[in-house]
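Only the coordinates and a few stated rules stand behind these numbers; no lab work does. What you see is a predicted model, and the numbers here were worked out from it, not measured in a lab. Cβ sites come from the backbone with ideal geometry, for glycine too, and all protein chains shown count toward neighbours.
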Amino acid sequence: MEKIKIKNPGKIKPPLRFWQVWNMSFGFLGIQFGFALQNGNASRILLTFGADVHQLSWFWLVAPITGMIIQPIIGYMSDKTWCRLGRRRPYFLVGAFLTSIALVLMPNAPHLASFIAPMFIGGGLLMIMDASINISMEPFRALVADKLPEEQHTLGFSVQTLLIGIGAVIGSWLPYILGNWMGISKNASANGLVPDNVTYSFYFGAFILLSTILWTVFTTSEYPPEEPGTQEAEVKPGKFIIPPIMLKLLLVQFFSWFALFSMWVFTTPAVALKFYHTTDANAVAFQEAGNWVGILFGIYNGVSAIIAMFLPVVAKKLSKKVTHALALCAGGLSLLSFLIISDPHYLIIPMIGIGIAWGSILAMPYAMLASSIPPKKMGVYMGLFNMSITIPQIVSGVVSGLILKYFFADNPILCLVMAGVSMFLGAISAMFIKEKKMQTM
């Protein structure tokens, strides 16, 4: 067994005030703003650039693959880093600058295409965007465990979920707001081009992401190596043991993120086909479907922001694993309901259940895991745990397009039904987790 020795028992992490927790996680609002723009619009952008619906999941593969490679590396590097900006904050800044550049360039891929098809440039920029988001995102998870005592872990990850929800709502709704309320054109000027309302949304997303990251960098300090929180425990050299709870969370995460990836990839073509009766990505009706999906995604993210503030209370009464299982059941039932809903406006209802699941997915697994990780290796463990997010997305990306073509008769709604079943399997798996705190000696 891994032996943990308290090096400075008198030095413990002091609890932080709510607004200190808010400031240290505020950059997550901008990260999720950009992530929401990517999730809500990448499929229709790639279809506009000429991708086939069966190829969509393959293009989306670049995101989890880069995340699987980047996050453990960034986690390990940030554990070993110390400079004037601290341990995690340098990575916030680098990721923010790179993501902002990718956000500006992605809707302009056709203007960059001289020898390569725009859809391949768009896919490449999607890869750069996701890699850059991962550079910023992973250290934010580690920062919560760095700065907060164990009793505030659920609060810390719940505040992150709240900020994620706020950023995602604005990011998801922005194309609709610009096109329907502010008079910016929501139709492309020519086939193969991205409408102005989407393009300007990506520009604004780049600004918000960079601004919020800078807020966290300038308002949050980090403990240097000799301060509380970074030298609390020393792991016996040469030992690298995966906590049992991490292994059990892997199955829960697999089913959860398989479902989410399928939802992000296929919701736009599913809504366009079932409710707007088109598969033509350059049709006005398809763009309307894409704008409505942005509203729907904003709703579930808004629900997750509200739910985040109740998660610590519910988890305290029911336990973290039961709370998470119930939330996943709500998400599974909601995804199944796409099959029977006949009016696109009623899709708001299942977004509530999906929001409950999303809020829990963003907080509860990390809250269950954080107390079982050696503090000095927080970054690398969180980076490795990210593989429980990326691997199911890769599996979904490889197989879901084939399933759509050969088993679902090109009906993407059935991909959402498959996602709902996967959510239920995640809920069942969560009930086998034994929550256990790390023992110190």
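Miscellaneous remarks
- Simple spin-label estimate for N180 and I349 in nanometres, 7 Å along Cα-Cβ: 2.0
- Estimated dipole of region 82-152 in Debye, rounded to 20 [Cβ of Lys and Arg +1, of Asp and Glu -1, Cα centre]: 260
- Virtual spin-label span in nm between A409 and F120, 7 Å along Cα→Cβ: 3.6
- When exposed loop sites are taken as trypsin sites (Lys or Arg not before Pro) in a DSSP loop with at most 16 other Cβ atoms within 10 Å, the longest stretch of the chain clear of them is 240-433.
- At an R0 of 41 angstrom, the distance between the Cβ atoms of C83 and I242 translates into a FRET efficiency of 0.90.
- Multiplying the residue separation of V398 and E151 by 0.36 nm and removing their Cα-Cα distance gives an extension gain of 84.9 nm.
- Each Cα pair under 8 Å and six or more residues apart adds its separation to the average, and for the chain the resulting relative contact order is 29 percent.
- Distance from the alpha carbon centroid of region 35-58 to that of region 404-433 works out to 20 angstrom.
- Across the chain, the fraction of Cα-Cα pairs farther apart than 35 Å, rounded to a whole number, is 25%.
- Two-site label geometry, F432 and S342: point separation in nm, points 7 Å out along Cα→Cβ: 4.1
- Residue (of P269, M368, F424) at the positive-pole extreme of the chain, dipole from beta-carbon charges: M368
- For region 251-268 versus region 299-330, the gap between their alpha-carbon centres in whole angstrom: 18
- When the Gaussian network model of the chain links Cα atoms closer than 10 Å, the mean-square fluctuations of Q71, Q55, Q32 top out at Q55.
- Overall, the chain carries a charge dipole of about 1540 debye about its Cα centre when +1 sits on the Cβ of Lys and Arg and -1 on the Cβ of Asp and Glu, all other atoms neutral.
- Selection from G298, P350, P312 lying farthest towards where the dipole of region 269-352 points positive, charges on Cβ: P312
- Relative contact order for region 84-181, counting Cα pairs under 8 Å that sit 6 or more residues apart, in percent: 30
- When Rg and the Kirkwood radius Rh are both evaluated on Cα atoms of region 386-435, their ratio Rg/Rh stands at 1.07.
- Centre separation in Å (Cα based) which lies between region 164-205 and region 131-150: 29
- Kyte-Doolittle at least 0.0, axis length at least 30 Å by Cα - qualifying DSSP helices, the chain: 27-48, 118-147, 153-180, 196-219, 244-276, 284-308, 348-370
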